[in-house]
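Written out below as structure tokens is the structure these notes cover.
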């Protein structure tokens, strides 16, 4: 089994620069692209691209001197590790072509499963064109409506991890501020210039007539499918957005209206601000939907200023509940997707997944739980359209190594292991932790966590190494999770409880 050799923590000081000075300083390789691959969990594909003869072995590392954080990022060491540690363990070559990635959305071909989600990242012709040129298979365009949209400023805030990177993202952004006519012109131009790319037209109407009219207009102007925005948390006034998604009767009513207006596929984008998504999903199917997009953002409050007492983002002394996204919401999105995929009443519907995808392995988790396409916004807002390179390369490498002939073969393979309750779980055996003593630095984090949050099964030895007391251990694996050195692993063998 392949074990990652290089982690994000090895390159936390890297700024993932635009037009990176490190690459400009190197005549042999593109260190910035390789560093980005490491960041996005794509070190195997990166090592495949690395030359057989290591140009970094005897190099004076001008890349490190040119770095915007000179002396902080061990670029040469990271490149050597790609060559010496990762490359020898490759199980398959990175395919020359991307045929394994070919997919479809309600019968319409996709060159790969990756789409821009409906948001600011897909809100103009130029932005979508640049994304298509970069390699995205299509875009769910920012929601088209007849409303007069004026955005607040500022309108974003974030929750950051210990290393400063964004793990959760809040927005109070609304819908497209272009007129319907302007958006239709954009669709026509995109379809004319990029006929192979998929245009998913997100729409929101104020009544049945508008849902029907907007769906028809999008079809007439080149959209391949329409996505019904029943889930925007920032458009909940007056029975719009997530207010619709929380009422199955309205979902069915407005889906039927859009279905009357267009013959192209119709997807309902549902809200996660419910206990279960199945009632709305089943209502969408009754209304004529061909697929479901899940999830949209989660209603949230992020950060309260301890001096002004206003939450973020603050707009002239006020704030509002907004939509939470980013990698932090992925577990919730996965749960809702699995719920929809396991519902017999929704069998055969296309599931387009959104919610926290940053890298190819995030995307693969959704595919394994039933997704046929993947939508991305927050990661693009942080890192740019360029992330498509590693999304495609990482998934392509995985499919080749696993022996799949196409990405569709992986769809839903994890569903049989998912239960809505814990009652089905076996409870008579224990998997003990295994301590890799040569990696242990003697910090004692495992001792503290086991003592105060576990079962007092670990103590300090005289050499500052953990001492394990198996009679007390219940195999909860808290120690595995908290170890900063990844020096504690599951033993891999189940022991029968006495």
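The values are calculated or read from the model by the stated rules, or taken from the named source; none is laboratory data. All values derive from a computational prediction rather than experimental measurement. Every residue, glycine among them, receives a Cβ derived from its backbone with ideal geometry; neighbour counts consider all protein chains shown.
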Within the range 415-462, count every residue that is within 29 Å of the chain's Cα centre (by Cα) and touching a residue at least 60 places away in the same chain (Cβ under 8 Å).
3
Considering only the range 31-38, I want to know if a residue exists there that is touching a helix residue (DSSP H, G or I) at 6+ places or on another chain (Cβ under 6 Å), assigned to a loop (DSSP other than H, G, I, E, B) and either closer than 20 Å to residue 85 by Cβ or in contact (Cβ under 8 Å) with a residue 24 or more places away in the chain (or both).
no
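Condition check: under 26 Å from residue 173 (Cα atoms) and without any contact (Cβ under 8 Å) to a residue 24 or more places away in the chain. Does residue 306 satisfy that? Step through it out loud before you land on a result.
Details: under 26 Å from residue 173 (Cα atoms): yes; without any contact (Cβ under 8 Å) to a residue 24 or more places away in the chain: yes.
Here the answer is yes, as residue 306 does meet what is asked.
Just to verify a result, which residue in the range 159-173, among those that are over 14 Å from residue 319 (Cβ atoms) and at pLDDT 85 or above, is surrounded by the most Cβ atoms within 10 Å (Cβ to Cβ)? Write out each step before concluding.
Our first condition is that a residue be over 14 Å from residue 319 (Cβ atoms); within the range 159-173, this holds for 159-169.
Pick out the ones that are also at pLDDT 85 or above and you get 159-161, 165-169.
Working: 159: 16, 160: 11, 161: 11, 165: 15, 166: 20, 167: 16, 168: 20, 169: 26.
The extreme case among them is 169.
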Can you list the strands (runs of 3 or more DSSP E) found entirely within the range 249-318 that contain at least 1 residues being at positive phi and surrounded by fewer than 21 Cβ atoms within 10 Å (Cβ to Cβ)?
302-304
Of everything in the range 363-378, what is touching a residue at least 40 places away in the same chain (Cβ under 8 Å), closer than 13 Å to residue 114 by Cα and not in a strand (DSSP E or B)? Give them in sequence order.
363, 364, 367, 371, 372, 377
Please tell me if residue 341 is crowded, with 23+ Cβ neighbours inside 10 Å and within 22 Å of the chain's Cα centre (by Cα).
yes
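In this structure, does residue 206 turn out to be at pLDDT below 95 and buried (at least 16 other Cβ atoms within 10 Å of the Cβ)? Break it down stepwise before answering.
On the way: at pLDDT below 95: yes; buried (at least 16 other Cβ atoms within 10 Å of the Cβ): no.
Here the answer is no, as residue 206 does not meet what is asked.
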Can you name every residue in the range 44-64 that is farther than 23 Å from residue 391 by Cβ and either exposed (fewer than 13 other Cβ atoms within 10 Å of the Cβ) or touching a residue at least 60 places away in the same chain (Cβ under 8 Å) (or both)?
51, 52, 53, 57, 58, 60
In the range 102-131, what residues are crowded, with 21+ Cβ neighbours inside 10 Å and out of contact with any strand residue (DSSP E or B) (no Cβ under 7 Å at 6 or more places or on another chain)?
121
For the list (1) surrounded by fewer than 23 Cβ atoms within 10 Å (Cβ to Cβ); (2) farther than 28 Å from residue 89 by Cβ, I need the number of the one condition that residue 355 fails.
(1)
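Which helices (runs of 4 or more DSSP H) sit wholly inside the range 382-489 and have at least 1 residues that are modelled with pLDDT under 95 and in the same structural domain as residue 365 (by TED's automatic domain parsing)?
On the way: elements: 388-402, 445-453, 478-482.
Here the list reads 388-402.
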